[in-house]
Structures are given as structure tokens and as C-alpha cells.
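What follows is a single structure, written as C-alpha cells, with notes after it.
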Amino acid sequence: MYTAQGTIEKSHLLEQHQPMVRRIALQMIAKLPASVELDDLIQAGMIGLLDASKRYEDNRGAQFETFVSQRIRGAMLDELRATDWGSRGLRASARKVEQAVQALEHRLGRAPNEGEIAKELRMTLEAYQGLLQEVQGCQLLYVEDFSQGESESNFLDANAQEARSARGSSDDPLEQLLQSGFRHQLIDAIGSLPERDQLLLNLYYEEELNLREIGAVLEVSQSRVCQLHSQAISRLRAKLKDLL
């Protein structure tokens with residue numbers, strides 16, 4: 001809809017793109033701990049949508065959907081940074097899960113089940129599953145991946161250096177990782193996961209289903225999807241450490 005001056009009606013844009021806010025919030029919530037409320041993300045996203053509608057200019061060339069989605073995600077990320085959703089304690093717990101998975105895989109020669117991981121952590125199965133839901137999202141990337149001391153080469157630096165030496169210099173860290181063969185190592189690591197973990201990761205990252213939709217496919221609850229996602233990421237990080 002347009003105004004008499006031929007510009008896009010802002011109120012119509014707000015109404016039309018409200019579902020986008022919820023969709024983006026549902027995509028992000030799957031990567032975050034259970035303590036993060038969906039309504040808080042949606043509220044932050046609506047503020048981003050409102051800001052985008054004020055800042056958007058029809059003659060900028062960029063489609064409004066592209067422009068507004070970036071502003072919505074940015075507003076949600078600002079809200080997460082302000083509330084410090086990933087405490088040091090949660091990140092430490094996530095690392096313990098990953099270390100337990102890695103130790104068990106070496107000892108057993110296969111992917112350990114939840115009961116075995118809980119026993120390795122000296123926890124009940126119920127407590128372990130509760131921990132998985134709490135650390136959801138905290139184990140995607142650690143501060144230690146960026147820095148491990150002056151004398152020790154860390155994961156990102158090591159792979160970036162390998163890429164630069166193999167293919168020439170590049171200022172893009174993602175490009176450096178892809179050139180270094182990390183993509184193939186990631187594919188191999190995912191392929192070695194249990195089938196359910198592979199399916200879950202495919203549904204979320206490739207098919208972009210939300211937690212409710214993934215739960216319907218796997219015939220489990222949304223909270224169970226959170227637990228399984230946390231465990232799949234822990235398995236994946238453990239395997240990547242071995243490969244790299």
C-alpha cells in the first residue's frame with residue numbers, strides 16, 4: 001500500500017511483517033538457553049521492526065524484507081547482549097558435557113548414549129537432561145576458540161593461517177576456514193553423528209524448521225528438541241576437536 005505521495009505506507013508494513021518477527025525469534029530461540037524467553041525476543045524484534053520502518057527509504061535499492069530482517073535480528077542480538085544470556089557458569093557446564101562426550105567416544109569407540117554421558121558427569125539422567133536444556137546455545141562458540149594464551153595457537157588462528165598459506169591471504173575469516181578444508185571436516189563430523197542427531201541438525205539448519213515443527217517430526221516435545229540439539233552440538237564439537 002502506498003500514500004498519496006507514492007511512498008510505502010509504514011503502518012501496512014508493520015502489520016504485514018509482524019509474522020517475520022516471530023519467525024526470526026523462533027529460529028534464534030533454538031540456539032539459546034531455556035532461560036531466554038521467546039516473548040522477550042519478539043518484543044525486541046518488534047522494536048527493530050518499528051525502527052526499520054522509520055529508517056527505510058524506498059529509493060535505497062534494498063528490498064524492505066532484506067532491510068527489516070537485518071534490523072530485527074540486530075535488535076534481538078542487542079537484547080541478548082544486554083541481558084548476558086550466556087553466563088560463565090553455563091559455558092563451563094557446556095564444556096564439561098563436550099569433554100565427557102569426547103572422553104567416552106575415545107574409550108567406547110562409538111557415540112555414547114545419554115545415560116553413559118550422565119554417568120561420566122556423575123549426574124542422574126534427569127539432571128543431565130535439565131543441564132542440556134540450560135546450556136542450549138552456550139556451546140556453539142567459546143571464548144577459548146578465539147584465545148588460549150600467547151604461546152598456544154587457537155582453533156580460529158590455526159585454521160586461518162593454514163588457509164592463508166594454502167590459498168593466499170584473505171581478510172574474511174569464513175572464507176579462510178572454507179578454503180582450509182574446514183567445510184569437508186565439518187561434513188565428515190556431521191556424517192559420523194548418530195542418525196537422529198543428523199536428522200535434527202538437517203531439520204533445523206537446512207530445512208529451517210522451528211522447535212515445534214522439529215518436535216512433530218521426531219515425535220518429541222519442544223523441550224526435548226532443545227536437549228537433543230544441545231547434545232548434538234556437543235558431539236559435533238568433540239568430533240571436530242579430534243579432526244582438527
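The values are calculated or read from the model by the stated rules, or taken from the named source; none is laboratory data. Since the model is a prediction, treat every value here as computed from it, not as a measurement. As a convention, Cβ positions derive from the backbone with ideal geometry for all residues, glycine included, and neighbour counts pool all protein chains shown.
Things to note:
- From Gln136, Gln99, Gln185, residue being modelled with pLDDT of 60 or more, crowded, with 16+ Cβ neighbours inside 10 Å and part of a loop (DSSP other than H, G, I, E, B): Gln136
- Qualifying residue in the range 152-175 (condition: modelled with pLDDT of 80 or more and surrounded by 13 or more Cβ atoms within 10 Å (Cβ to Cβ)): no
- Of the numbered criteria (1) touching a residue at least 12 places away in the same chain (Cβ under 8 Å); (2) within 22 Å of Glu105 (Cβ to Cβ); (3) assigned to a helix (DSSP H, G or I), the one Asn202 fails is (1).
- Arg237 being loosely packed, with under 15 Cβ neighbours inside 10 Å and either touching a helix residue (DSSP H, G or I) at 6+ places or on another chain (Cβ under 7 Å) or touching a residue at least 60 places away in the same chain (Cβ under 8 Å) (or both): no
- The listed residue being modelled with pLDDT of 85 or more and of a type in the set (Asp, Glu), out of Asp51, Asp78, Asp84, Asp39: Asp39
- A Cβ distance below 7 Å, combined with a sequence gap of six or more or placement on separate chains, defines the contacts here; from the range 6-32, residues that are part of a helix (DSSP H, G or I) reach residues that are surrounded by 18 or more Cβ atoms within 10 Å (Cβ to Cβ) and modelled with pLDDT under 80 in the pairs Lys10/Ser53; Leu13/Ser53; Leu14/Ser53; Ile29/Val36.
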